[in-house]
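Every number here is computed from the coordinates shown, using simple stated rules; none is lab data. Keep in mind that this is a model prediction, so the values were computed, not measured. Cβ placement follows ideal geometry from the backbone for every residue including glycine, while neighbour counts extend to all protein chains displayed.
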Amino acid sequence: MSISIRTQILAAALGLFVPVVLVMSQASRATYVEHQEALKEDARLHAVLLAQRLDDGAANAEGLVLDALRTLPPLTQVAVTDDEGHVIAGAVPAALEVFCQGSAPRAAGLGAVTVYLPGRIAWDRTWAIYQRNYLVVITVTLCVAVIAFVLSRRWRRGLRALEEHALRIGAGDRRADPPPRMPSSEMVSLQASLMAMEENLVSLERQVVRQERLAAIGTLMSGIAHELNNPLQAIAGRAQLLMREAAATDAAKADLDLIQRESARASVIIRNLSRFSRQDNVSPELMRLGAVVASVVELRQRHLEELGIHLVVDDASRATVLGVLPEFQQVLLNFVVNAEQAMASMKRGPRLLTIRTRDVEDRAYCEVEDTGPGVLSADEPKLFQPFFTTKPVGEGTGLGLSVSYGIIESYGGRIGYRRAAAVGAILWFDVPVVP
């Protein structure tokens with residue numbers, strides 16, 4: 001069972017009070033013993049003084065004892081004994097344990113003088129210290145209790161506000177209420193962490209919604225590709241039939257040839273879109289990286305031209321790899337789109353996108369190099385982390401490179417980033433080849 005902060009602080013104060021009282025009791029007892037020893041020393045000094053007065057020829061011992069008792073503390077007893085130990089003046093108390101005694105011998109062996117100071121004096125002196133110490137302890141304990149009550153009240157109010165905030169986040173309430181004031185720097189830090197978590201959660205929700213939309217667009221794109229393929233085939237077939245007619249002029253045949261070529265190009269694009277959008281239940285197959293590059297280039301060629309980006313393809317890989325074509329398309333497409341967006345933000349300078357493939361020992365290698373501004377050194381370690389993006393809000397989900405990382409890793413491959421030799425960035429991956 002959990003215990004409240006207030007109860008814990010009060011218990012701690014009480015736990016501190018008990019050992020302090022015990023320590024003070026031991027210290028007071030030691031002080032009491034010290035006062036008893038001091039009282040015995042006082043009694044001895046008084047006895048020495050009385051013995052000197054008797055030796056100096058005082059009138060009589062009885063009168064000297066009476067004079068001494070008038071100056072000594074109340075209840076004090078004085079006894080003067082002869083050389084045989086008989087009391088010749090004063091008296092020996094019956095209860096010796098309540099007195100602190102001190103003796104002094106007389107000159108020439110005439111006897112001794114003993115002074116009995118009441119032990120109550122030592123207790124009275126010690127009790128004053130007892131009272132002062134206990135007053136300090138009780139005052140400090142009460143102050144701690146009051147401070148604990150006040151602070152715990154503030155802390156409970158702050159913790160309750162944080163709890164309500166957390167429950168509100170869990171319930172899906174995203175109201176932007178002003179944050180309440182926290183009573184301590186630790187709670188301020190906790191509140192800041194909670195608000196940062198809420199912001200990340202909102203961002204993640206938006207990204208998930210965006211991914212759901214993209215998935216829906218992919219499904220729709222697959223259907224549209226299927227529906228467009230039939231009329232394109234009809235157009236290409238009609239154009240081919242018209243070209244065979246003898247009455248067709250050379251100009252008409254040239255136009256029909258253009259129609260046929262563009263229809264074929266549109267069919268290739270639609271086929272690539274269909275493959276890219278249909279990634280479920282697809283078995284791995286043997287392929288070359290060049291086929292992946294060609295399909296992605298076919299999809300992005302027109303957009304690259306619109307952005308004024310010059311594309312160079314250096315396909316030197318001849319090895320075969322085992323994989324799912326749409327997945328490799330997705331990886332390469334993410335690389336190309338990142339390069340496009342990096343160079344699209346440039347106001348000056350060359351815009352050159354280079355795609356290279358190579359066979360390096362037992363691995364097929366592919367890289368995409370751009371002439372954009374590159375990546376900040378602080379951001380390089382986070383490039384492949386989920387939801388990390390340097391793009392403005394609404395232009396990137398931060399999932400492209402992390403998804404690419406997962407795809408390449410699932411094939412036993414490697415993926416990475418490095419700076420280009422001159423300017424820009426290079427994103428690359430390699431996968432094992434099939435012997």
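Near the amide H of CYS100, under 5 Å away, which other amide H atoms are found, from residues 5 or more places off or on another chain, if H is placed in the peptide plane?
Under 5 Å from the amide H of CYS100 lie the amide H atoms of LEU117, GLY119, each far enough along the sequence or on another chain.
Between TYR134 and ASN200, what's the calculated FRET efficiency when r is the beta-carbon distance and R0 is 60 Å? Round to 0.05.
The computed FRET efficiency comes out at 0.60.
With the contact rule set at Cα under 8 Å and sequence spacing of 6 or more, what percent relative contact order holds for the range 5-139?
Relative contact order for the range 5-139 comes out at 30 percent.
Can you work out ³J(HN,Hα) from phi for every residue in the range 340-346, in order, using Karplus 6.51 cos²θ - 1.76 cosθ + 1.60 and θ = phi - 60°, giving whole Hz and x for Gly and Pro?
Once θ is set to phi - 60°, the couplings for the range 340-346 become 4, 5, 5, 7, 5, 7, 7 Hz.
Treating only the Cβ atoms of Lys and Arg (+1) and Asp and Glu (-1) as charged, compute the dipole magnitude of the range 131-171 about its Cα centre; round to the nearest 20 debye.
With only Lys, Arg, Asp and Glu charged at Cβ, the dipole is about 80 debye.
Pop out the ³J(HN,Hα) list for the range 295-305 in order, Karplus 6.51 cos²θ - 1.76 cosθ + 1.60 with θ = phi - 60°, rounded to Hz; leave Gly and Pro as x.
Listing the rounded values in order: 5, 5, 4, 4, 6, 10, 4, 4, 5, 4, 5 Hz.
Quick one: 3J(HN,Hα) in Hz for the range 107-119, Karplus 6.51/-1.76/1.60 with θ = phi - 60°, rounded, Gly and Pro as x.
6, 6, x, 7, x, 7, 10, 10, 10, 10, 7, x, x
Quote the FRET efficiency, to the nearest 0.05, computed for GLN52 versus ARG160 with a Förster distance R0 of 60 Å and r equal to the Cβ-Cβ distance.
It comes out at approximately 0.15.
Pulled fully out, how much extra length does the chain show between ALA252 and CYS143, if you take 0.36 nm times their separation in residues and subtract their Cα-Cα distance?
Stretched fully, the ALA252-CYS143 segment lengthens by 28.9 nm.
Report the extension gain between ALA294 and ALA344 in nm, rounded to one decimal, defined as 0.36 nm multiplied by the number of residues separating them, less their alpha carbon distance. Mind dumping the intermediate values first?
Numbers: separation 50, 0.36 × 50 = 18.00 nm, distance 2.22 nm.
Taking ALA294 through ALA344 to full extension adds about 15.8 nm, to one decimal.
What is the set of long-range amide H partners of GLY372 at a cut-off below 5 Å, with H atoms built 1.01 Å from backbone N?
Hits under the 5 Å cutoff: ALA425.
Under the rule of at least 5 residues apart or a separate chain, name every residue whose amide H is placed under 5 Å from the amide H of ARG318.
Under 5 Å from the amide H of ARG318 lie the amide H atoms of ASP359, each far enough along the sequence or on another chain.
Given GLN329, LEU311, GLY374, which one lies farthest toward the positive end of the charge dipole of the range 282-432, if we put +1 on the Cβ of every Lys and Arg and -1 on the Cβ of every Asp and Glu?
GLY374
Assuming R0 = 22 Å, can you tell me the calculated FRET efficiency for the pair ARG318 and ASP362, based on Cβ-Cβ distance, to the nearest 0.05?
Numbers: r = 13 Å, r/R0 = 0.61.
Efficiency, rounded to the nearest 0.05: 0.95.
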